[in-house]
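What follows is a set of notes on a single structure, which appears directly below.
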Amino acid sequence: MRIARDLHDSVGHELLNLKSLIANNSEKGVGQVEAILKEVREISRNLFPAMFEEVGLTLSIIQLTDTIQKSDQFYVSTEMDYPKGILPMKWELNIYRIIQESLSNTLKYAEAKSAKIDLVHEGQYVNLSIQDNGKGFNLQQVTASGRAFGLMSIRQRCNAMGAQLHIESGDSGTRIEIRVPVPNQG
């Protein structure tokens, strides 16, 4: 769903603009092509973050938050106590995507100044908490609207890992808590 939405919202609109520029013999087409290529690269990078396999979840999260802070002037603090490889890589990628989606929603809708990410391994669980200081939202209304693609994606990823999901949102911000069971290693 996210890929479809990203392609529709970014590349699709850019291609329509390019078509119009070409139809009008505008010289702005070259710049438009460069913008489209940049969008496609960004979507591709987001599908599987560069070096994720090599550096692991923790460093990938740090890289993501650094990029957001540099480009959006938005502060993200992290507290992580997660030894590499506790969860299967596909679950680690799910956690990364959940964080990515949560921060994306925060930047788009919450009017927040900062967010905090906690990722901690405690016994048989890995606990993830993502909290912002934005304006919050009505969870029931947003879910019932049928347009909560990001929240549906988070829920689906949690279900795939057998994780518990809890979301609270109000005037002081939104908090997403996820409890992922560590699979038996034996």
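The values are calculated or read from the model by the stated rules, or taken from the named source; none is laboratory data. Since the structure is predicted, the reported quantities are computational estimates derived from the model, not experimental observations. As a convention, Cβ positions derive from the backbone with ideal geometry for all residues, glycine included, and neighbour counts pool all protein chains shown.
Only one entry in Lys84, Lys70, Lys90, Lys38 is under 19 Å from Ile154 (Cα atoms), basic (Lys, Arg) and at pLDDT 70 or above, namely Lys90.
Across segment 79-94, the qualifying residues are those that are of a type in the set (A, V, I, L, M, F, W, C) and either out of contact with any helix residue (DSSP H, G or I) (no Cβ under 6 Å at 6 or more places or on another chain) or assigned to a strand (DSSP E or B) (or both), and the one among them that is surrounded by the fewest Cβ atoms within 10 Å (Cβ to Cβ) is Met89. Of the residues making up segment 104-122, at least one is free of Cβ contacts under 8 Å to residues at least 40 places away in the same chain, in the same structural domain as Tyr82 (by TED's automatic domain parsing) and more than 18 Å from the chain's Cα centre (by Cα). With respect to the stated conditions, Ile22 is surrounded by 12 or more Cβ atoms within 10 Å (Cβ to Cβ) and either farther than 30 Å from Glu92 by Cα or at pLDDT 85 or above (or both).
Of the residues that make up segment 128-139, is at least one loosely packed, with under 13 Cβ neighbours inside 10 Å and on the phi < 0 side of the Ramachandran plot? For segment 128-139, residues loosely packed, with under 13 Cβ neighbours inside 10 Å and on the phi < 0 side of the Ramachandran plot: present.
Given the options Val30, Val76, name the one that is surrounded by fewer than 18 Cβ atoms within 10 Å (Cβ to Cβ) and either of a type in the set (A, V, I, L, M, F, W, C) or outside any helix (DSSP H, G or I) (or both). Spell out how you get there, then give the answer.
Working: Val76 fails: surrounded by fewer than 18 Cβ atoms within 10 Å (Cβ to Cβ).
Result: Val30 is the single residue among Val30, Val76 that is surrounded by fewer than 18 Cβ atoms within 10 Å (Cβ to Cβ) and either of a type in the set (A, V, I, L, M, F, W, C) or outside any helix (DSSP H, G or I) (or both).
For segment 59-103, residues that are touching a residue at least 24 places away in the same chain (Cβ under 8 Å) and more than 19 Å from Val180 (Cα to Cα) total 9. Looking only at segment 124-145, decide whether some residue is closer than 18 Å to Arg179 by Cβ, in contact with a Phe, Trp or Tyr (Cβ under 7 Å, 6 or more places away or on another chain) and hydrophobic (A, V, I, L, M, F, W, C). Checking segment 124-145: at least one residue is closer than 18 Å to Arg179 by Cβ, in contact with a Phe, Trp or Tyr (Cβ under 7 Å, 6 or more places away or on another chain) and hydrophobic (A, V, I, L, M, F, W, C).
What are the residues in segment 159-185 that are within 22 Å of Tyr109 (Cα to Cα) and in contact with a helix residue (DSSP H, G or I) (Cβ under 9 Å, 6 or more places away or on another chain), if any? Leu165, Ile167, Glu168, Ser169, Gly173, Thr174, Ile176, Ile178 - these are the residues of segment 159-185 that are within 22 Å of Tyr109 (Cα to Cα) and in contact with a helix residue (DSSP H, G or I) (Cβ under 9 Å, 6 or more places away or on another chain).
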